[in-house]
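Encoded as structure tokens, the structure appears first; notes follow it.
The values are calculated or read from the model by the stated rules, or taken from the named source; none is laboratory data. Quick caveat, the model's predicted, so the values are computed rather than measured. Here the Cβ positions follow ideal geometry from the backbone for every residue, glycine too, while neighbour counts run over all protein chains shown. With ligands, DNA and RNA removed, areas are computed over all heavy atoms of the protein, side chains included. Shrake-Rupley method; radii C 1.70, N 1.55, O 1.52, S 1.80 Å.
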Amino acid sequence: MAAPCRNNRICERSILDRVPPLLTDLYQFTMAYAYWRAGRHQEHSVFELFFRENPFCGCFSLFAGLNDCLLFLRNFRFSDEDVDYLRSVLPRATDPAFFQFLRSLDCSGVTLSSVPEGSVVFAREPLMEIAGPLAVVQLLETSLLCLVNYASLVCSNAARFRLASGPRRKLLEMGLRRAQGPDGGLTASRYSYIGGFDLTSNVQAGLLFGIPVAGTMAHSYVTSFTSMEEVWPKTLVDLNRDHAPVDFISLAKGWLGRVCELLGVESGRIHEGELAAFLSYAIAYPQNFLPVIDSYSVTSGLLNFCAVALALCELGYRPLGVRLDSGDLCKQSVDVRCVLRLCSKNFSTSAFDSLIIVGTNNISEQTMLELNKKDNEIDVVGVGTHLVTCTKQPSLGCVYKLVEVRGKPKMKISEDPEKSTVPGRKSVYRLIDAQGHPFLDLVCLAQESSPEAGHHLRCHPLVGDGTPLSVTPVQVICLRQEVFSQGEVTHPLNSAAETKANVQGSLQSLHPRHKRLEEPDSYTVALSEKLYNLVTELR
């Protein structure tokens with residue numbers, strides 16, 4: 001099994017620093033005090049975490065954030081400094097003994113059962129069940145919601161980008177500078193990778209979570225150069241000739257003349273400062289040369305790239321490719337590929353056949369879909385703003401609701417039917433059809449026997465006109481499992497790569513009609529006959 005991250009201690013320390021027990025709402029403490037004052041703080045209670053609507057007008061979401069929830073629970077306790085601060089903000093009438101009670105709290109009496117991280121999930125089904133002493137599980141609400149809400153949202157967004165892109169292209173997450181703060185940026189990098197991206201530009205995410213990191217160069221690097229005088233050193237060793245130093249500037253200028261002649265372009269269209277920038281970078285990283293080529297014009301950038309890249313190839317190095325960051329990326333990528341192939345053919349340089357083209361320019365899900373409709377030669381797409389800020393939907397809207405106290409089911413009955421809750425402790429099962437696709441998720445009371453494969457059952461969809469369904473599953477999967485008990489994590493903490501594999505497997509099993517990005521078929525979440533009757537009775 002892969003390690004949860006490259007440095008477990010750094011990873012866990014990061015969670016503790018970002019999610020201390022005071023990262024919650026004040027009313028959690030006032031409610032906890034009222035429970036304590038009434039002598040109810042130890043009553044065994046059960047809460048559920050779920051969301052009410054599938055995000056991005058789609059059919060599904062991905063569940064993420066579980067690892068951080070488990071680390072948070074394992075380390076949940078208040079320090080003396082925490083308690084001193086709470087004394088200063090809670091009303092003066094608060095009994096001093098309550099603060100002693102807070103100082104002694106931990107999650108040793110809490111049990112958490114959950115859907116596996118990376119699973120495809122659907123609206124209104126309970127993803128996590130948190131059981132334990134009433135005051136403690138109440139205090140956990142805001143923190144757990146904070147850890148799951150955005151993680152699941154950006155993971156789902158990343159999965160949609162992957163579906164829009166298709167499996168061939170590599171996807172680079174590069175949204176750190178656009179994210180909602182440092183923690184938002186780090187969370188986005190982690191869960192974008194889990195949701196289907198291949199790379200991140202975020203170095204800290206690479207350190208913490210083992211995500212492959214990548215980058216090119218900025219326009220500022222290119223425009224900082226004016227002339228060849230700024231290139232230093234001016235030589236590069238020849239890997240083919242005993243590492244003898246070669247005048248790299250003269251070599252590249254020679255190739256530039258040959259490329260201009262091949263393409264019928266006047267050398268006056270070349271920007272000298274851009275060529276100087278490319279030369280300087282290539283001398284620094286001859287095996288990692290991938291410049292942005294549209295700082296002035298794609299024509300100038302492409303010619304300068306070809307000259308420098310051909311010089312690198314002559315000395316035994318392998319350039320990587322180019323980045324396009326403006327204009328019609330599809331058309332430009334086709335034009336660039338034609339030039340690269342022409343150079344490969346005329347100069348017998350096979351390395352030019354494998355050069356990659358990176359496209360970055362305010363890419364959205366719609367942009368990605370349009371890329372697939374047009375001829376293009378883009379190998380890697382870099383996505384930032386629309387991925388990490390989830391511009392189509394800024395929040396998943398997870399909620400945390402009480403469903404049982406002292407063994408008695410509890411239900412919120414709202415004037416808005418969508419805000420009513422489903423009472424009682426539950427089990428959740430995924431029913432599979434003959435083709436191996438999930439077709440219905442069944443929510444049952446915990447004490448009910450699990451549905452059996454091949455056996456007919458009757459259930460009531462949570463959404464619709466109330467008409468019951470009769471179904472016969474070919475296979476039944478119990479979705480939730482216990483992952484935390486008696487203060488300890490009872491299930492292995494997965495690495496980002498392992499959770500990413502869970503996502504891929506879960507999405508692959510989903511029928512294509514539920515994965516459509518536009519107008520997907522809805523997926524059914526239903527209540528068992530007994531649970532439906534309980535809801536009707538309590539109403």
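Mark the label point 7 Å from the Cα of Leu342 along Cα→Cβ and return the residues of the stretch 286-326 whose backbone N is within less than 11 Å of it.
Only 303 fall inside the zone, counting backbone N under 11 Å.
Leaving ligands and nucleic acids out of the surface, order Lys373, Lys253 by accessible area at 1.4 Å, largest first.
On the way: Lys373 165, Lys253 105 Å².
Final ranking, largest accessible area leading: Lys373, Lys253.
Which is farthest toward the positive dipole end of the stretch 218-272 among Ser250, Val265, Leu239, measuring Cα position about the Cα centre, with Cβ charges +1 (Lys, Arg) and -1 (Asp, Glu)?
Checked the options; the winner is Val265.
How much net charge surrounds Gly273 when only the other residues with a Cβ under 11 Å from the Cβ of Gly273 are counted, with Lys and Arg +1 and Asp and Glu -1? Before the final figure, lay out the partial values.
Working: positive: none; negative: Glu229, Glu230, Glu272, Glu274.
Summing Lys/Arg as +1 and Asp/Glu as -1 gives -4.
Using the Karplus curve 6.51 cos²θ - 1.76 cosθ + 1.60 with θ = phi - 60°, work out ³J(HN,Hα) for each residue of the stretch 418-425 in order, rounded to whole Hz, and write x for Gly and Pro.
Per-residue couplings from phi come out as 5, 8, 5, 10, 9, x, x, 6 Hz.
Once R0 is set to 56 Å, what does the formula 1/(1 + (r/R0)^6) return for the Cβ-Cβ distance between Ser414 and Val334, expressed as a FRET efficiency to the nearest 0.05?
My answer for the efficiency is 0.50.
Show Asp353, Asp68 ordered by accessible area, largest first, where the area counts protein heavy atoms only and the probe is 1.4 Å.
Listed by decreasing accessible area, they come as Asp353, Asp68.
Could you grab the relative contact order for the chain? Cα pairs under 8 Å, six or more apart, rounded to a whole percent.
It comes to 21 percent, rounded to a whole number.
With r as the distance between the Cβ atoms of Trp232 and Arg178 and R0 = 45 Å, compute the FRET efficiency 1/(1 + (r/R0)^6) and round to 0.05.
0.85
Regarding the stretch 317-472, what are the three Cα extents along the principal axes, ordered largest first, in Å?
If we take the Cα atoms of the stretch 317-472, the spans are 78, 38, 33 Å.
Name the residues whose placed amide hydrogens come within less than 5 Å of the amide hydrogen of Asn494, ignoring near sequence neighbours (fewer than 5 apart) on the same chain.
Here the answer is none, since no amide H 5 or more places off falls under 5 Å of that of Asn494.
If I ignore ligands, DNA and RNA and count only protein heavy atoms, how much of Tyr532 is accessible to a 1.4 Å probe, in Å² to the nearest 10?
80 Å²
Could you please state how large a percent of the accessible area of the stretch 78-124 is carbon and sulfur, counting protein chains only and using a 1.4 Å probe?
Numbers: 1040 of 2150 Å².
Carbon plus sulfur share of accessible area: 48 percent.
For Ser427, which sequence-distant residues (separation of 5 or more, or a different chain) have an amide H within less than 5 Å of its own amide H, given hydrogens modelled in the peptide plane?
Those qualifying (amide H under 5 Å, at least 5 residues apart or on another chain) are Cys444, Leu445, Ala446.
For the stretch 183-263, which whole-number percentage of the solvent-accessible area (1.4 Å probe, protein heavy atoms only) is attributable to carbon and sulfur atoms?
Carbon and sulfur: 56 percent of the exposed surface of the stretch 183-263.
What accessible area per residue, rounded to a whole number of Å², is obtained for the chain using a probe radius of 1.4 Å?
Heavy-atom accessible area per residue stands at 44 Å².
Please compute the length gained on full extension between Ser104 and Val474, using 0.36 nm multiplied by the number of residues separating them and subtracting their Cα-Cα distance.
Result: 128.3 nm gained on full extension.
Can you run phi through the Karplus equation (6.51, -1.76, 1.60; θ = phi - 60°) for the stretch 72-88 and list ³J(HN,Hα) in whole Hz, with x for Gly and Pro?
4, 5, 4, 10, 6, 6, 9, 7, 4, 5, 4, 5, 4, 5, 4, 4, 7
May I ask you to compute the full-extension gain from Ala218 to Asp95, defined as 0.36 nm times their residue separation minus their alpha-carbon distance, rounded to one decimal in nm? Show your work: numbers first, answer last.
On the way: separation 123, 0.36 × 123 = 44.28 nm, distance 5.86 nm.
Length difference between fully extended and current span is 38.4 nm.
Quick one: compute a quarter of the convex hull surface over the Cα atoms of the chain and quote it in nm².
Answer in nm², one decimal: 30.3.
Calculate the spin-label point distance for Gln486 paired with Glu448, positioning each point 7 Å from the Cα along the beta-carbon direction, and give it in nanometres.
For Glu448 paired with Gln486, the spin-label model returns 3.1 nm.
For the stretch 393-539: lysine pairs with Cα atoms under 30 Å, gap of 8 or more or different chains, count?
So the count of such lysine pairs works out to 21.
Positive end of the dipole of the stretch 315-441, charges at C-beta (+1 Lys, Arg; -1 Asp, Glu), about the Cα centre: which of Val405, Asn376, Ser348 has its Cα farthest in that direction?
My answer, from the dipole projection, is Val405.
Which far-off residues, 5 or more places away or on another chain, put their amide H under 5 Å from the one on Cys398, with H placed in the peptide plane?
The answer is none.
Quick one: pull the percent of accessible area on the stretch 335-468 belonging to carbon and sulfur, 1.4 Å probe, ligands and nucleic acids left out.
In the stretch 335-468, the share of accessible area belonging to carbon and sulfur is 47 percent.
Net charge near Leu312, counting Lys/Arg +1 and Asp/Glu -1 over other residues with Cβ under 12 Å of its Cβ? Intermediate values should be presented prior to the final figure.
Working: positive: Arg318; negative: Asp238, Glu314.
Its environment carries a net charge of -1.
Normalising by the residue count of the stretch 414-532, find the relative contact order in percent from Cα pairs under 8 Å and 6+ residues apart.
Once normalised by length, the contact order is 32 percent.
Once phi is turned into ³J(HN,Hα) by the Karplus curve 6.51 cos²θ - 1.76 cosθ + 1.60 with θ = phi - 60°, what whole-Hz value does each residue of the stretch 252-262 show in order, with x for glycine and proline?
5, 5, x, 5, 4, x, 5, 5, 4, 5, 4
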